[in-house]
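Visitor: Please find one structure pasted underneath; my questions will follow.
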Amino acid sequence: MTAAVSPSSPPLISVRGLVKSFKGMRALDGVDADIARGEVLVVIGPSGSGKSTFIRCLNGLEMPTDGRIEVDGAPVQTRSNRDWRRARQRIGMVFQDYSLFPHMTVLRNICLAPQRAGVATAAQAEETAIRLLRRVGLAHKADSYPVELSGGQQQRVAIVRALAMKPDAILFDEPTSALDPETVGEVLAVMRELAREGMTMVVVTHEMGFAREVADRVMFMDRGRIVETGTPAQVFGSPAEPRTREFLDMIL
Amino acid sequence: MTYDFQFGYIVDTMPALLDGLLITIEVSVISIAISVVIGIVGAAIRLFEIPVLSQVVGGYVHFIRSTPLLPQIYFVFYGFSGLGLQLSTFWSGVLALSLWGGAYNIENVRGGFLAVSKGLREAAGSLAFRPIHYLWLVALPLGVRISLPTMLNTAVSVLKNSAYLQAIGLAELTFVAMDRVALDFRILEMFAAIGVLYLGIVLILSLFVRRLEGVLQRPFRTS
């Protein structure tokens, strides 16, 4: 199950020496990471550890101060909007607060981007949207507005919206942190199924149960650095670093 | 001595007043439309912080808001023709009012854009939207909804300020009324008449904007 990085298949996303400073404060302090095709990487760590900044750098929502990012072997010019737009067509994102467009129906939320980007015609986009909505159990909500949906439903729509672009990978930035406890499960179930189907995922989360069960690798970050990376069994079972143990003792 | 209010005088002058009202409505509607376009384009330039243009827009807004309208009207009417741009009285008036209302609308619309959550802009970005698509499909419908009340204020001000255009000889409603007052001294009749007419068109304008607001609010109503 662990997707090892073999020399024959370059990592889907490769990061070297990533640095991000906010007004002199180093949110990311030299991060190296490779994410293989089909891999589920779960990023954990205390708040302020840089984990959100890390995945936001992966699709250019934060402009790295320094470092290199490659998507499928092609370097991204981190100052070029066009390069990022191209990368973002391949790397979707799901946000903590869902960020659905409130003035559009569920269907339009999903269909708009693929049409704009030329990924699909209007008819194709709609067909894909309905099929994906059916899979997450929300086909009957296609004509609803986001405000009429629960948090869990909105987040499932947000996942479908990302999927509709047919991305190679999806980034999840604390996708269940804003949800009522009773709706967390329905969102995690959708993510679990995506993982099973082989979607490449980078997930920042506090859901340790999900990390343990679904992750191929768990990456523990603290103070803008990667403290350790390993299989869930390694990181949760026998962490190598005292800092990791300390963090896990605190939250588990 | 009590004033002898002659209602019949209003009736007699009504055709002339309605001619003036028509000019007022024409100059106002065109100016409001142009000022909305200026507002949207200017606010977009500021939103995306387009170099140079953004500073130009900022300077323009500052200049218009820091100087009285009347000299602005004179400047357009006399100054522009001095610069070789020959405009009729009507179009000078339209230009002056549009530039004035446009500056206020830039701030109005910009406020609306800034009130659209940063998260939606990021979501649009992460879906590979171009900036123009974000503007047109997200920022504009959501931002305009927020700034509609202040834009209505500006529109009403443009309409009322069209009265200043009598200074360059445009025969709008106030001009016509003042003209009659100078001829016949029926001061109260004339001001009562134009008061009612101004109130009426402002009311119509407000009702129109309220309807628009209703349309833009529809997705946000839970039922």
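The values are calculated or read from the model by the stated rules, or taken from the named source; none is laboratory data. Computed from a predicted model, the values in this text were never measured in an experiment. Every residue, glycine among them, receives a Cβ derived from its backbone with ideal geometry; neighbour counts consider all protein chains shown.
Visitor: Could you grab me the full set of residues in region A:18-52 that are touching a strand residue (DSSP E or B) at 6+ places or on another chain (Cβ under 9 Å) and among the hydroxyl-bearing types (Ser, Thr, Tyr)?
Guide: A:SER21, A:SER49, A:SER52
Visitor: Can you tell me which residue within region B:101-143, out of those that are at pLDDT 95 or above and of a type in the set (S, T, N, Q), is nearest to B:VAL29 (Cα to Cα)?
Guide: If we take residues in region B:101-143 being at pLDDT 95 or above and of a type in the set (S, T, N, Q), then B:ASN105 is nearest to B:VAL29 (Cα to Cα).
Visitor: Now for a separate question. Would you mind finding the one in A:VAL147, A:VAL160 that is within 13 Å of chain B (Cβ to nearest Cβ), modelled with pLDDT of 95 or more and part of a helix (DSSP H, G or I)?
Guide: Residue meeting the stated conditions: A:VAL160.
Visitor: A further question on this structure: Looking at A:TYR98 and the list (1) within 21 Å of the chain's Cα centre (by Cα); (2) more than 9 Å from every other protein chain (Cβ to nearest Cβ), which single condition is not satisfied?
Guide: The failed condition is (2).
So that you can scan it fast, the table gives a plain yes or no per residue for (1) closer than 17 Å to B:ALA163 by Cα; (2) in contact (Cβ under 8 Å) with a residue 40 or more places away in the chain; (3) assigned to a helix (DSSP H, G or I):
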residue: B:LEU17; (1), (2), (3): yes, yes, yes
residue: B:LEU22; (1), (2), (3): yes, no, yes
residue: B:ALA44; (1), (2), (3): no, yes, yes
residue: B:TYR74; (1), (2), (3): yes, yes, yes
residue: B:TYR78; (1), (2), (3): no, no, yes
residue: B:GLN86; (1), (2), (3): no, no, no
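Visitor: In the set B:SER54, B:SER98, which member is more than 14 Å from chain A (Cβ to nearest Cβ), at pLDDT 95 or above, under 20 Å from B:VAL156 (Cβ atoms) and assigned to a helix (DSSP H, G or I)?
Guide: B:SER98
Visitor: Just to verify a result, which residue in region A:56-79, among those that are closer than 26 Å to A:SER9 by Cα and of a type in the set (S, T, N, Q), is surrounded by the fewest Cβ atoms within 10 Å (Cβ to Cβ)?
Guide: Only one residue fits best here, namely A:GLN77.
Visitor: Still on this model: Inside region B:114-145, can you point out the residues that are under 17 Å from A:PRO102 (Cα atoms), surrounded by fewer than 18 Cβ atoms within 10 Å (Cβ to Cβ) and more than 8 Å from chain A (Cβ to nearest Cβ)?
Guide: If the condition is that a residue be under 17 Å from A:PRO102 (Cα atoms), surrounded by fewer than 18 Cβ atoms within 10 Å (Cβ to Cβ) and more than 8 Å from chain A (Cβ to nearest Cβ), then B:LEU114, B:ALA115, B:LYS118, B:TRP136 are the ones that fit.
Visitor: Sort out which residues of region A:91-102 are in contact with a helix residue (DSSP H, G or I) (Cβ under 7 Å, 6 or more places away or on another chain) and surrounded by fewer than 21 Cβ atoms within 10 Å (Cβ to Cβ), and write them in order of number.
Guide: A:ASP97, A:PRO102 - these are the residues of region A:91-102 that are in contact with a helix residue (DSSP H, G or I) (Cβ under 7 Å, 6 or more places away or on another chain) and surrounded by fewer than 21 Cβ atoms within 10 Å (Cβ to Cβ).
Visitor: So, of the residues in region B:169-223 that are among the hydroxyl-bearing types (Ser, Thr, Tyr) and free of Cβ contacts under 8 Å to residues at least 12 places away in the same chain, which turns out to be surrounded by the fewest Cβ atoms within 10 Å (Cβ to Cβ)?
Guide: B:SER223
Visitor: Please go through region A:111-137 and pick out each residue that is within 14 Å of chain B (Cβ to nearest Cβ) and either of a type outside the set (Lys, Arg) or in a loop (DSSP other than H, G, I, E, B) (or both).
Guide: Matches in region A:111-137: A:CYS111, A:LEU112, A:ALA113, A:PRO114, A:GLN115, A:ALA117, A:GLY118, A:VAL119, A:ALA120, A:ALA125, A:ALA129.
Visitor: Turning to a different aspect of this structure: What residue, of A:ARG82, A:ARG108, A:ARG68, is closer than 11 Å to B:ALA128 by Cα and either more than 9 Å from every other protein chain (Cβ to nearest Cβ) or at pLDDT below 90 (or both)?
Guide: A:ARG82
Visitor: Filter region B:1-15 down to the residues that are in contact (Cβ under 8 Å) with a residue 12 or more places away in the chain and in a helix (DSSP H, G or I), then identify the one that is nearest to the chain's Cα centre (by Cα).
Guide: B:MET14
Visitor: Quickly run through region A:43-99 and pick out the residues that are farther than 28 Å from A:LEU252 by Cβ, assigned to a loop (DSSP other than H, G, I, E, B) and out of contact with any Asp or Glu (no Cβ under 6 Å at 6 or more places or on another chain).
Guide: A:ASN59, A:GLY60, A:GLU62, A:MET63, A:PRO64, A:THR65, A:ASP72, A:GLY73, A:THR78, A:ARG79, A:SER80, A:SER99
Visitor: Could you check how many residues of region A:188-224 are of a type outside the set (D, E, K, R) and on the phi > 0 side of the Ramachandran plot?
Guide: 2
Visitor: Take B:GLU189 and decide whether it is among the acidic types (Asp, Glu) and more than 16 Å from B:GLY20 (Cβ to Cβ).
Guide: No; evaluated as a whole, the condition is false for this residue.
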